[in-house]
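Student: Here it is, the structure, as structure tokens.
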Amino acid sequence: MNFIFRRDELLVRLDAGGFPDEEVCARLEVSLEPVWLEQGSPYRTAHVPPQLEAPDGYVFRKLRSLFGEFDDQRIALAGRAYQIAEWARTHRYCGACGAPMQRAAAEFCMRCPACGFSAYPRISPAMMVLVRRGDHILLARHAAVAATRYTALAGFVEPGESIEQTVHREVYEEVGLEVGNLRYFGSQPWPFPHSLMVAFTADYVSGDIRVQPEEIADARWFGPGDAMPPIAPRISIAGSLIRAHMPAAWAAA
Ligand SMILES: [Zn+2]
């Protein structure tokens, strides 16, 4: 199977959304690199220049836009291919001594023949938490330009932190609340570019909402009497986390 990336876009067929075959890859004159083997067949990736146009019958699509359109298996494959291809593209030289790296045969490892430094694909854990208070849930709208959806709070793990500490720190930084009773909900690889989102619920303990304006435009409690705001689609873990705990009236709507 061949995955051709143009920056963060993936080349897919216009009709069925499949991946390019050998003939199309040959026509584009891309040099495909095998990234891994699955059930004996090679998965290969290539990066093409940003100005390259898609061939007839194909289109470059943002990987993110394929969520909800591709089935779970295909989106997982595309995300995995993107993360591995991006890792190989950005680790061609040793970060310690600058010598060209070599791909180790049996694992996802770029190794420096000069100094022995090894680089593995980077995975950045992040937490997401839905804070609950009685029959209300806390949802926030990000300060990022054009954000209209309300979602759960989220943030990256910092060096030296447990993921539980990240939950407490981020909730306090972003909305000024103390929470407790953390419960694991689930996790999802999020290849933008290399996160692993680990989702929790937590119970409100104390504090009044005080938003961090650089991060959060608005944060509030939503309960059974409130209209449902726009939320993330079910395919993202944010969407499934909120849907699993939202007021019953929303589910019926
Ligand atoms: Zn080195």
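The values are calculated or read from the model by the stated rules, or taken from the named source; none is laboratory data. Note that the structure is predicted; figures quoted are calculated from it, not measured. Every residue, glycine among them, receives a Cβ derived from its backbone with ideal geometry; neighbour counts consider all protein chains shown.
Student: Please go through region 196-242 and give me each residue that is more than 22 Å from the chain's Cα centre (by Cα) and among the acidic types (Asp, Glu), ordered by number.
Tutor: Selection gives Asp203, Asp208, Asp218, Asp226.
Student: Right, here's the next one. How many of the residues in region 21-59 are within 17 Å of Ile75 (Cα to Cα) and at pLDDT 90 or above?
Tutor: Residues meeting the conditions: 1.
Student: Still on this structure, please answer the following. Can you tell me which residues in region 147-165 are under 18 Å from Gln212 (Cβ atoms) and among the hydroxyl-bearing types (Ser, Thr, Tyr)?
Tutor: Once the filter is applied, which keeps residues that are under 18 Å from Gln212 (Cβ atoms) and among the hydroxyl-bearing types (Ser, Thr, Tyr), region 147-165 yields Tyr150, Thr151.
Student: Return yes when Arg149 is among the basic types (Lys, Arg) and at pLDDT below 95 and no when it is not. Spell out the reasoning first.
Tutor: On the way: among the basic types (Lys, Arg): yes; at pLDDT below 95: yes.
For Arg149, the condition - among the basic types (Lys, Arg) and at pLDDT below 95 - is met.
Student: So, in region 145-161, how many residues would count as being surrounded by 10 or more Cβ atoms within 10 Å (Cβ to Cβ) and polar (S, T, N, Q)? It would help to see each step written out before you state the result.
Tutor: In the first step, residues of region 145-161 are kept if they are surrounded by 10 or more Cβ atoms within 10 Å (Cβ to Cβ); the result is 147, 149-158, 161.
Next cut, polar (S, T, N, Q) only: 151.
Residues flagged as surrounded by 10 or more Cβ atoms within 10 Å (Cβ to Cβ) and polar (S, T, N, Q) within region 145-161 amount to 1.
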